[in-house]
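The values are calculated or read from the model by the stated rules, or taken from the named source; none is laboratory data. For clarity, every value in this text was computed on a predicted model and none was experimentally measured. Virtual Cβ from ideal backbone geometry, glycine too; neighbours counted across all protein chains shown.
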Number of protein chains: 2
Amino acid sequence: MTLDAVILKGCGRMLTRHANPANGRSTREAVIHSALKLFNMGGYDGTSVRAIAADAGVNIALVSYYFGGKQGLLEYLMASFLEGYLNNLEKAEREAQDAGKPPDECLVSVADALIGYQQQSLYLSRFVHREMTLDNQLVRELMASYLMKEKFLLTRLFEKAAPELKFDPMSADFALLQYRDMIMMPFLQPQFLRKVFYLQPGEPSFRMNYLRYIRRWVERLAGRPVGNLK
Amino acid sequence: MTLDAVILKGCGRMLTRHANPANGRSTREAVIHSALKLFNMGGYDGTSVRAIAADAGVNIALVSYYFGGKQGLLEYLMASFLEGYLNNLEKAEREAQDAGKPPDECLVSVADALIGYQQQSLYLSRFVHREMTLDNQLVRELMASYLMKEKFLLTRLFEKAAPELKFDPMSADFALLQYRDMIMMPFLQPQFLRKVFYLQPGEPSFRMNYLRYIRRWVERLAGRPVGNLK
């Protein structure tokens, strides 16, 4: 599934599509694609609506029409990504439990699903993760909603998977943060991984090898082999 | 030591100071302080030289005079931080070895030093870590120099501390990346830690508690208690 498909799917809103003769994508998708590309090169504030429209090959007025301007586009991208992220998290947990997997195996399954989600939208993931490190009104609102929910879901997962951490709330929080960062970091700093470590965060082989490391991490944390030694 | 003191010290260049009657800081320090504050609120590209000068209470021409404009200011901040970071890393390793600490204890000492370094310059740390996730010429140059050297230094540390990882280069890289992220993440996303986890990355108590977690992480990785069970 492509980046755009994920965004369109993740959001779950009704979308008006206009065929774009240039490449067969809808105008809306072309705007999203160009915006993300330019945001990752020059930052959100360094990118003008005019540059986005030019790169997408659409009329500048359509950016306002679809997203209500640049701030609307920003809010749409952030909320779409985070909503899809949490949906994938919940779905992976539910499926792992339905399949009868033990709690520590669930941690591995959830990590796998979230890495897959980010691999499907490399530009968007990097952009959202980076924007979330800024200190502004939108970020505060997204934290109070999406990231609070994420914390709740991950805490629940962890309390089952590593029960010995329960007695030390500080360690439990640090372990949870480390798990979260482990999932997120390759997608926040993909060029660092590429240029300095020669790793390719977007590749299926990366996912497979990284999952093996995450599994070992969970094993070390829980102090025992994960699941059924699968 | 304050943020400004760290930047001025870390860089090691001769600095011309001009007394600023408003708060006793030099003009140069006032510009750096205001720039970092505004960059963390609106991003680098969203912040004008005019706004920096206004916030610092200095004439706009002085920003060009001291830094050769906004790009020069950016390069100065990035290089200063990374240079100080690597200096602290090397110094902590050398001191730990001179004190006869075993290799896994050295990993803990280096983490402690780097957390301390970032605590002394919270604004600057966050700004540099975030900028390093962009995809531009300056970032590529800084990666090829500073971050390549960081990788070399950390690899050397890790090969001594967790020799069993040597036989699995992939795991060794992931462990190294995780160690690096563990040290960096609280300072890239301090408001997330504050607002969602009620942790205060700038506080001495955070450093103490977090170090305890890092020590446990090293123990799990090395498969034995760190150092002399101190």
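Things to note:
- Considering only residues in region B:28-50 that are assigned to a helix (DSSP H, G or I) and surrounded by fewer than 16 Cβ atoms within 10 Å (Cβ to Cβ), the one that is farthest from the other protein chains (Cβ to nearest Cβ) turns out to be B:50.
- All positions within region A:121-143 that are farther than 27 Å from residue B:124 by Cβ and either modelled with pLDDT of 95 or more or buried (at least 23 other Cβ atoms within 10 Å of the Cβ) (or both): A:121, A:124
- Single residue of B:173, B:181, B:168 found to be among the acidic types (Asp, Glu) and within 20 Å of residue A:172 (Cα to Cα): B:181
- For region A:139-164, the set of residues classified as within 12 Å of chain B (Cβ to nearest Cβ), aliphatic (A, V, I, L, M) and in a helix (DSSP H, G or I) consists of A:139, A:142, A:143, A:144, A:147, A:148, A:154, listed by residue number.
- Qualifying position, being touching a Leu at 6+ places or on another chain (Cβ under 8 Å), farther than 30 Å from residue B:37 by Cα and not polar (S, T, N, Q), among A:157, A:138, A:177, A:142: A:157
- Looking across region A:158-197 at every residue that is of a type in the set (Lys, Arg) and closer than 22 Å to residue A:108 by Cα, the one that is surrounded by the most Cβ atoms within 10 Å (Cβ to Cβ) is identified as A:180.
- Residue tally, condition closer than 21 Å to residue B:151 by Cα, part of a helix (DSSP H, G or I) and more than 15 Å from the chain's Cα centre (by Cα), over region B:76-104: 7
- The listed residues are B:188, B:134, B:211, and the only one of them that is closer than 30 Å to residue A:154 by Cα, without any contact (Cβ under 8 Å) to a residue 60 or more places away in the chain and hydrophobic (A, V, I, L, M, F, W, C) turns out to be B:134.
- Apart from one condition, residue B:217 fits all of (1) farther than 30 Å from residue A:207 by Cβ; (2) in contact (Cβ under 8 Å) with a residue 24 or more places away in the chain; the exception is (1).
- Scanning region B:75-98 for residues that are surrounded by fewer than 18 Cβ atoms within 10 Å (Cβ to Cβ) and under 21 Å from residue B:163 (Cα atoms) gives B:90, B:94, B:97, B:98.
- All of (1) part of a helix (DSSP H, G or I); (2) modelled with pLDDT under 95; (3) surrounded by fewer than 19 Cβ atoms within 10 Å (Cβ to Cβ); (4) not acidic (Asp, Glu) hold for residue B:229 with one exception: (1).
- Residues satisfying the stated conditions in region A:51-65, i.e. assigned to a helix (DSSP H, G or I) and modelled with pLDDT of 90 or more: A:51, A:52, A:53, A:54, A:55, A:56, A:60, A:61
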